[in-house]
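The values are calculated or read from the model by the stated rules, or taken from the named source; none is laboratory data. Computed from a predicted model, the values in this text were never measured in an experiment. Cβ placement follows ideal geometry from the backbone for every residue including glycine, while neighbour counts extend to all protein chains displayed. SASA here: full protein model, heavy atoms, side chains in, ligands and nucleic acids out. Shrake-Rupley method; radii C 1.70, N 1.55, O 1.52, S 1.80 Å.
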Protein chains: 4
Amino acid sequence: MAEQPAVQINNISETDIEDAIADVARRCSNAGRWGAGDVLGTLNHLDESKRVEGARLVRRGRSFSLAQLFDAEGPQRGWRKRVNPVHTMLSSGLDAEFGPAEFPHGFAGADDVVFMPLQCSTQWDGLGHIFDHGRAYNDRPASQVVTSGGDRVTGIETVRDLIAGRGVLLDVGRALGEDGELPDGFAITTEHLRLTAASQGLSSRVGTGDLVLVRTGQLARARRDGWGEYAGGAAPGLSFSTADWLHSSEIAGIATDTWGFEVRPNEFPGSFQPLHQVAIPHIGLFIGEMWDLDALAADCAEDGVYEFWLTAAPLPVTGAVGSPVNPIAVK
Amino acid sequence: MAEQPAVQINNISETDIEDAIADVARRCSNAGRWGAGDVLGTLNHLDESKRVEGARLVRRGRSFSLAQLFDAEGPQRGWRKRVNPVHTMLSSGLDAEFGPAEFPHGFAGADDVVFMPLQCSTQWDGLGHIFDHGRAYNDRPASQVVTSGGDRVTGIETVRDLIAGRGVLLDVGRALGEDGELPDGFAITTEHLRLTAASQGLSSRVGTGDLVLVRTGQLARARRDGWGEYAGGAAPGLSFSTADWLHSSEIAGIATDTWGFEVRPNEFPGSFQPLHQVAIPHIGLFIGEMWDLDALAADCAEDGVYEFWLTAAPLPVTGAVGSPVNPIAVK
Amino acid sequence: MAEQPAVQINNISETDIEDAIADVARRCSNAGRWGAGDVLGTLNHLDESKRVEGARLVRRGRSFSLAQLFDAEGPQRGWRKRVNPVHTMLSSGLDAEFGPAEFPHGFAGADDVVFMPLQCSTQWDGLGHIFDHGRAYNDRPASQVVTSGGDRVTGIETVRDLIAGRGVLLDVGRALGEDGELPDGFAITTEHLRLTAASQGLSSRVGTGDLVLVRTGQLARARRDGWGEYAGGAAPGLSFSTADWLHSSEIAGIATDTWGFEVRPNEFPGSFQPLHQVAIPHIGLFIGEMWDLDALAADCAEDGVYEFWLTAAPLPVTGAVGSPVNPIAVK
Amino acid sequence: MAEQPAVQINNISETDIEDAIADVARRCSNAGRWGAGDVLGTLNHLDESKRVEGARLVRRGRSFSLAQLFDAEGPQRGWRKRVNPVHTMLSSGLDAEFGPAEFPHGFAGADDVVFMPLQCSTQWDGLGHIFDHGRAYNDRPASQVVTSGGDRVTGIETVRDLIAGRGVLLDVGRALGEDGELPDGFAITTEHLRLTAASQGLSSRVGTGDLVLVRTGQLARARRDGWGEYAGGAAPGLSFSTADWLHSSEIAGIATDTWGFEVRPNEFPGSFQPLHQVAIPHIGLFIGEMWDLDALAADCAEDGVYEFWLTAAPLPVTGAVGSPVNPIAVK
């Protein structure tokens, strides 16, 4: 197994961290690549031919939801006002059966509302979600992208029709972990991804325009042991050192079964989500978090096929910097 | 063109209306058809072979979002507390660029929350959304299905992985309307649907397990003229007389570009959504409302192909009786 | 110090508990006392003369807010969807200073929204908050009082103009506790209340129409040690045995500095808030929870005056079964 | 009756408007008056002796709520995401009576939540609510006062214990209007206020530290005729020319029965709330809007006494730039 890059980057100063991030950001930047007005980022890699290729992967017609429940008993603990969704009824079956009639001829209905942070459960990060030194994707000043009124440039609604294509599962938990799970703090390197793909076989090749799902197994652990610090605590996840691969592979998007995509604690001491700082504002990469990959992974392990047709359509809340999503994989 | 059933059912009493609904409900009931424990209703018709068939319809790889925006300027007017979505930022690009630093090494993020009725924009009605005389789908007492805690039996999360298959557009607005639009109050009968399918050609056949989209053109009108009374006012929509076809056709789901699916004002004088009262609790039919079918319809008109792969995955808010959705059609 | 009633009621069955509650409820019931249509409960005790008496207690003009902050970092832990308030900005000073101008001549504004459970912080319980065997205050069927549409009979708005009168602080924490704090699980009996009043002197007499504030000191402890299980965990509070006094004293309302008013764990093994079950639906008593009595208590200890003018006006959210409140005491 | 200043200021340019506002702002500024750290603004005028004076006005003990209902059927129309409050139940009396038992021994409860803009109904504007050319009260940069996290300096919680004192009603509607109502667009000048006070008699004198309530009668009209454009449309209200009096009178706060305090349309053509632009960031004045003064006004007309004890305690939502409030007047 490859060495942990954490070993290499342990004793550096805040300035060193900023330099390290800036170096990688420079190498990986897609700013200007698709024009000054671009709002799609890596979804530019996902073209129509890729969708035709993806749809051909439907062989048995079995579909999988990759969403966690949006539930009051979810993992959120109120950090930065991120609470779990609060779902309440405007009317219920009890009103229909025992309450005063509100409609004629025996008609009655139940309605409901929800209050939720858009990052509370299974989600896409939009391109306006993360900034580097006040700059957003495509070298835009953050203040000209996301105001209190929302993301006026790269709001999630701008990509509402695009995220359907070939999906590939890299089940690193199963390939390299114990009982299908990587330990918290495990930094997944490019080499780990390569080894996983190799162990899974030909259907796992990753190329331009693919939507890559990386399973760490942490969600399975949380499901068994309780949420604990799933939301923001220690977790397996991608190493900062994968930034170059995230860029050069030309994938359209990537998602994990963890809260924060990257390994936590982050590899630079005292840092916070440095890979996000490169991936979103510089690569323009669509990152999914808190996806539930377990049922799909079990099926892939059984039939040995790790590619599938994936539709992960964000809810087009105007100006949102992220979006709840119920991704559907079909094999 | 077939006669308007509205003509036939104009002068009847409340009791007559109840009897008429009860008659149709009896004829169309799927209660018990898939077992006493069934929670899927007409999604039982959508099996894996149907998904294989649907995926084969992806030829060009062009994708269409069929969602309206979830927007503060949406059509809702507060009826029964249905407001438009309120999306607010927990932090913005202005904070990132000009506010106090909250994270190290130049990292900053924008987060957001939303408050919304689950029926505020493009949506699926769940099986717990409508009751007939206090009974829910599969002849369950409404009170044992939907309490203040939500839908404990048929919550939308129970179908979160299923709604992907063959979609068919019946563009009644284009086939029978003027400039692509049916007038408000136009009741679409089974005969209208048949005529539309016939005019569209072979790709429009509808059968077991299909997801049918009925375009009236009302949304195009609202887009041009302003929302007005789009939310609950007069609208074209399905005639009560289509109930038998909705049942016998064995479709898996059906959606329109209108607020309320059925024609409004409803055909029985003084009635309220009688077709819902049959379709949801008796047929167990999944009904979509406020879908945006215009871009897809324009494409279908151009290439003459009215069938496609459709993924319309509800957001799995636990216990929800409906769900916002961003349906994705791919041709 | 009086014995703990907990000692006496330790080994009883569920039926015994129901009997015990029913016995006390019968003795203390105010059902019918103010007519079949009454919605005011013990606020009937607070008449205009009481307000004149209360206002005369203003001697120095010093005012105290008895509200905790309504804050994202509050004590709530999500139990039964009770989250802390989520306050977000619709626009901010950053938009005003650095964002696009939205108004002419240099005008700019900041607006905000809040989502909160009405019981999330300092609050009044309304009369529709608690039921006994499906019955609400004044022997009404619960279902005819509070539907999904809210409390149609005793909604908090019905008392929006009434809660201003003579307040009395009983600082049991200071009188009987250690360093001003009672330990968690301490059941305050009528005798404890009597001893406290006696130790405080003449200004502490309690009579018809008074608003009584009972300080346990638990909030001071939480402020020092962190919230921990303040919301629903162990706490000092009123003994079930005080029910008779709550009734016979003819007080208009009572509030504590704890989450749940009553001692917790509750005195009957396996029970849940039995004193509420008597006090709200039977006595019709207005109960305040999570009040911050510390600054007022320090002042009372200093000047020896434990009575004051108290205004505790609930926010008239139509149909609410409780209400956030910022009570103001003036001495 | 005094002339309408609107006449004088009709044909001026945007620059002229800015100059006019700047002139008045300079004359009326309280910046620095109470120190660089001040967060109380005109509440500095309301001292303890004023509270003693106010309490002495309680003679009969009759109390009045000056709050409108916080209601889904309120006046808001969604302008800048200001919706009416949405109040929903987490559990209801129907659950208690007919739903599954969730607690032992016959205990059941109803809980509720609310989502609301803090300016949706009866409210105080906080000092962070309005900015002038990016400056907040006490000449602070707006960005250093109100970020997406809320008002970090003058959040409404900073004044949570202060707003209790002598209230005075100036019923301009009754004094100068027809049937107690001023027409929409009527600009109330200082002279109108003086005439009203004179007609009401000695109890209406206004001085340092008073809380002044100005009744226009518009709410009575809205109550009779429907909300119409109450929220933001034409309305009677204070003339821009009252700014000097608002400053020199040294009142602690002022409130009206209208949406926007100032006359609307605003007197400068094309302007937006210019009096706010002076009153809040420069005078540091606490402004109340959408108060319900009708019952109090009727009582004052009857007994001829226009002064009273007023408690108007804002809900201390941390960092809020405004607050819902249920003001209580006692005579």
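Annotations for the structure displayed:
- The set of residues in the stretch D:200-217 being closer than 21 Å to D:Ser241 by Cα and surrounded by fewer than 16 Cβ atoms within 10 Å (Cβ to Cβ) consists of D:Arg205, D:Gly207, D:Thr208.
- Residue, farthest from B:Val58 (Cα to Cα), within the stretch B:293-317, restricted to residues that are within 13 Å of chain A (Cβ to nearest Cβ) and surrounded by fewer than 23 Cβ atoms within 10 Å (Cβ to Cβ): B:Asp294
- Complete set of residues in the stretch A:283-292 that are small (Gly, Ala, Ser) and either within 23 Å of A:Leu69 (Cβ to Cβ) or open to solvent by 10 Å² or more (accessible area, probe 1.4 Å) (or both): A:Gly288
- Subset tally (residues that are facing chain A (nearest Cβ under 7 Å) and open to solvent by 20 Å² or more (accessible area, probe 1.4 Å)) for the stretch B:83-113: 7
- Cβ-Cβ under 6 Å pairs, at least 6 apart or on other chains, the stretch A:290-313 side part of a helix (DSSP H, G or I), far side among the small types (Gly, Ala, Ser): A:Asp294/A:Ala220; A:Leu296/A:Ala329
- Among the criteria (1) of a type outside the set (D, E, K, R); (2) assigned to a helix (DSSP H, G or I); (3) touching a residue at least 60 places away in the same chain (Cβ under 8 Å), the one B:Ser143 does not fulfil is (3).
- D:Trp79 within 19 Å of D:Val263 (Cα to Cα) and at pLDDT below 95: yes
Yes/no matrix, rows are residues, columns are (1) open to solvent by 10 Å² or more (accessible area, probe 1.4 Å); (2) assigned by TED's automatic domain parsing to the domain that holds B:Gly155; (3) in a helix (DSSP H, G or I); (4) free of Cβ contacts under 8 Å to residues at least 60 places away in the same chain:
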{"site": "B:Leu219", "(1), (2), (3), (4)": "no, yes, yes, no"}
{"site": "B:Leu246", "(1), (2), (3), (4)": "no, yes, yes, no"}
{"site": "B:Ile251", "(1), (2), (3), (4)": "no, yes, no, no"}
{"site": "B:Ile254", "(1), (2), (3), (4)": "no, yes, no, yes"}
{"site": "B:Phe268", "(1), (2), (3), (4)": "no, yes, no, no"}
{"site": "B:Phe272", "(1), (2), (3), (4)": "yes, yes, no, yes"}
{"site": "B:Gln277", "(1), (2), (3), (4)": "no, yes, yes, no"}
{"site": "B:Pro281", "(1), (2), (3), (4)": "no, yes, yes, no"}
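- Selection over the stretch C:57-81 of residues that are under 24 Å from the mean Cα position of the chain (by Cα) and either in a helix (DSSP H, G or I) or facing another protein chain (nearest Cβ under 7 Å) (or both) gives a count of 14.
- Residues satisfying the stated conditions in the stretch B:112-140, i.e. within 13 Å of the chain's Cα centre (by Cα) and part of a strand (DSSP E or B): B:Gln123, B:Trp124, B:Asp125
- Positions within the stretch C:253-280 being farther than 19 Å from C:Ala67 by Cα and of a type in the set (A, V, I, L, M), in sequence order: C:Val263, C:Leu275, C:Val278, C:Ala279, C:Ile280
- Residue within the stretch C:146-165 that is of a type in the set (Lys, Arg) and part of a loop (DSSP other than H, G, I, E, B) present: yes
- If the condition is being in contact (Cβ under 8 Å) with a residue 24 or more places away in the chain and either more than 18 Å from A:Phe115 (Cα to Cα) or of a type outside the set (A, V, I, L, M) (or both), then the stretch A:74-89 contributes A:Gly74, A:Pro75, A:Gln76, A:Arg77, A:Trp79, A:Lys81, A:Arg82, A:Asn84, A:Pro85, A:His87, A:Thr88.
- Residue list for the stretch B:124-167, restricted to those being open to solvent by 30 Å² or more (accessible area, probe 1.4 Å), facing another protein chain (nearest Cβ under 7 Å) and at positive phi: B:His133
- The condition (being buried (at least 24 other Cβ atoms within 10 Å of the Cβ), over 30 Å from C:Leu315 (Cα atoms), assigned by TED's automatic domain parsing to the domain that holds C:Leu296 and of a type outside the set (Lys, Arg)) is satisfied by just one residue among C:Ala187, C:Ala197: C:Ala187.
- B:Ala329 vs. criteria closer than 23 Å to A:Gly54 by Cβ and not in a strand (DSSP E or B): no
- Check on B:Ala320, touching a residue at least 12 places away in the same chain (Cβ under 8 Å), under 17 Å from B:Met116 (Cβ atoms), open to solvent by less than 10 Å² (accessible area, probe 1.4 Å) and outside any strand (DSSP E or B): yes
- Top-ranked residue of the stretch C:36-56 - restricted to ones that are in a helix (DSSP H, G or I) and within 19 Å of C:Gly126 (Cβ to Cβ), ranked as most open to solvent (accessible area, probe 1.4 Å): C:Asn44
- Flag if D:Val206 is over 20 Å from D:Gly167 (Cβ atoms) and among the aliphatic types (A, V, I, L, M): no
- Residue in the stretch A:13-35 that is modelled with pLDDT of 95 or more, in a loop (DSSP other than H, G, I, E, B), in the same structural domain as A:Phe272 (by TED's automatic domain parsing) and over 30 Å from A:Ser271 (Cα atoms) present: yes
- C:Tyr306 more than 13 Å from the chain's Cα centre (by Cα), more than 18 Å from C:Leu193 (Cα to Cα) and hydroxyl-bearing (Ser, Thr, Tyr): no
- Meets criteria (in the same structural domain as D:Leu162 (by TED's automatic domain parsing) and either at pLDDT below 95 or open to solvent by less than 20 Å² (accessible area, probe 1.4 Å) (or both)) for D:Leu66: yes
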